[in-house]
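The values are calculated or read from the model by the stated rules, or taken from the named source; none is laboratory data. Remember, it's a predicted structure, so these values are computed and weren't measured experimentally. Reconstructed Cβ throughout: ideal geometry from the backbone, glycine too, with neighbour counts over all protein chains shown.
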Amino acid sequence: MSIARYFHTASILTNGTVLVNGGFTAGRTYTVTTELYDPSTGMWTNTGNMISPRRLHTASVLRDGKVLVAGGEIGWENLASAELYDPSTGSWTNIGNMSTARMGHTASILANGSVLIAGGANEHVLATSELYNPSTELWTNTGTLTDARYEHTASVLTDGKVLVVGGYTAGRLLSAELYDPSTGLWTKTGSMKNAPVSHTASVLTDGKVLVVGGRDFGVTLNSAELYDPSTGSWTNTGSMHRARLSHTASVLTNGKVLVIDGVGVGELSSAELYDPSTGIWTQIRSLHADRHLHTASVLKNGNVLVVGGARELDYHLNSAELYDTSIEVCTDATSKNIKQVKNTASILNNDHVLFPDDHHDFDLNNTELFS
């Protein structure tokens, strides 16, 4: 990328390119810059700047191909503003503000195309949620969460309901809850074994939800749990080889889940694959750079693009790596002729996993592809 960044977002556009925007960069600066990655060429290009710099925001690809960016924070100011990116023009436009300024929230695209914004924080941890209607570009309030929370995860289930798990509040959050779009109400479902923050949640091909890692009141977790929507209950599944938080988790086209990097005992460059058919994790070849607070995007060809993030001693990364699922190799995302070596790592895909600590700044400028 042209600049190093973390706390950014990455979105797969309808034409297969990846839009990376916002985040925190050198000098503890909030950035408005936006870049596009083209998987067919391995090249990055700049596109239009956002109207407001922000981090801890959300980005959602709408049915018409535009990208909705909402909330976040800049300095000590929490944002209610939202803006739309139009890929046909490469420009951003303001839309109406949310009713509540928030950061560390989640954004979920519902079956009808609306976007559900849930929880987050400003001066307080929030239980409010609201809906964005792309056809009217209006925000409306909807049901209140049973527990206020931020830096949680939200997963759209196969029946259209939304499962919210973990996060911060006044105490440990073992609770999980479901949003029903048909009623606009939140109801509690089965409680987890752990109370994770900075974890990931992935919807598997069988409809179950895999929650991995994170930390529970200072303890970094290697555990994983499965939520079964048919029973509303949680069961333990195989543990990762390495405890980690602020990692990513990606559901691959073969149904396996790839977990990448994060923070454990120091910074991690390791990757692991979860096989839902066996409940077992397999270590695969490490990435070239250890990183956390990065993004991981499953491309249309099934490969996974890993972008940016932070490192120990508060280095920021502008590097990207590409994971090739066919040969399980990680390479520089901008290189087209790198020798590929078989590895045995695994990658996971996650929704806006956040780690709240601040970092000092040093920039690295390489980009890698994990394949």
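Selection of the stretch 244-277 for residues being at positive phi, buried (at least 24 other Cβ atoms within 10 Å of the Cβ) and in a strand (DSSP E or B) yields ASP261, GLY262.
The rows are residues; the columns are (1) without any contact (Cβ under 8 Å) to a residue 60 or more places away in the chain; (2) touching a Cys at 6+ places or on another chain (Cβ under 7 Å); (3) surrounded by fewer than 18 Cβ atoms within 10 Å (Cβ to Cβ).
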{"position": "ASN94", "(1), (2), (3)": "yes, no, yes"}
{"position": "VAL115", "(1), (2), (3)": "yes, no, no"}
{"position": "ASN122", "(1), (2), (3)": "yes, no, no"}
{"position": "GLU130", "(1), (2), (3)": "yes, no, no"}
{"position": "ASN133", "(1), (2), (3)": "yes, no, yes"}
{"position": "THR136", "(1), (2), (3)": "yes, no, yes"}
{"position": "ARG149", "(1), (2), (3)": "yes, no, no"}
{"position": "GLY166", "(1), (2), (3)": "yes, no, no"}
{"position": "TYR179", "(1), (2), (3)": "no, no, no"}
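Note on the stretch 6-48: residues that are charged (D, E, K, R), closer than 19 Å to SER319 by Cβ and at pLDDT below 95 amount to 0. Against the condition in contact (Cβ under 8 Å) with a residue 12 or more places away in the chain, surrounded by fewer than 17 Cβ atoms within 10 Å (Cβ to Cβ) and not acidic (Asp, Glu), how does SER40 come out, does it pass? For SER40, the condition - in contact (Cβ under 8 Å) with a residue 12 or more places away in the chain, surrounded by fewer than 17 Cβ atoms within 10 Å (Cβ to Cβ) and not acidic (Asp, Glu) - is met.
Anything in the stretch 266-296 that is among the polar types (S, T, N, Q) and touching a Ser or Thr at 6+ places or on another chain (Cβ under 8 Å)? List them, or say none. Result: SER269, SER270, THR282, GLN283, SER286, THR295.
Filtering the stretch 278-293 to residues that are modelled with pLDDT under 90, part of a loop (DSSP other than H, G, I, E, B) and either surrounded by fewer than 17 Cβ atoms within 10 Å (Cβ to Cβ) or not polar (S, T, N, Q) (or both) leaves ARG285, LEU287, HIS288, ALA289, ASP290, ARG291.
Do the conditions hold for LYS161, that is, is it of a type in the set (Lys, Arg), buried (at least 18 other Cβ atoms within 10 Å of the Cβ) and at pLDDT 95 or above? When the stated conditions are applied, LYS161 passes them.
Which residues, taken from the stretch 83-116, are assigned to a strand (DSSP E or B), of a type in the set (S, T, N, Q) and either more than 26 Å from GLU151 (Cβ to Cβ) or more than 19 Å from the chain's Cα centre (by Cα) (or both)? SER91, THR93, ASN94 - these are the residues of the stretch 83-116 that are assigned to a strand (DSSP E or B), of a type in the set (S, T, N, Q) and either more than 26 Å from GLU151 (Cβ to Cβ) or more than 19 Å from the chain's Cα centre (by Cα) (or both).
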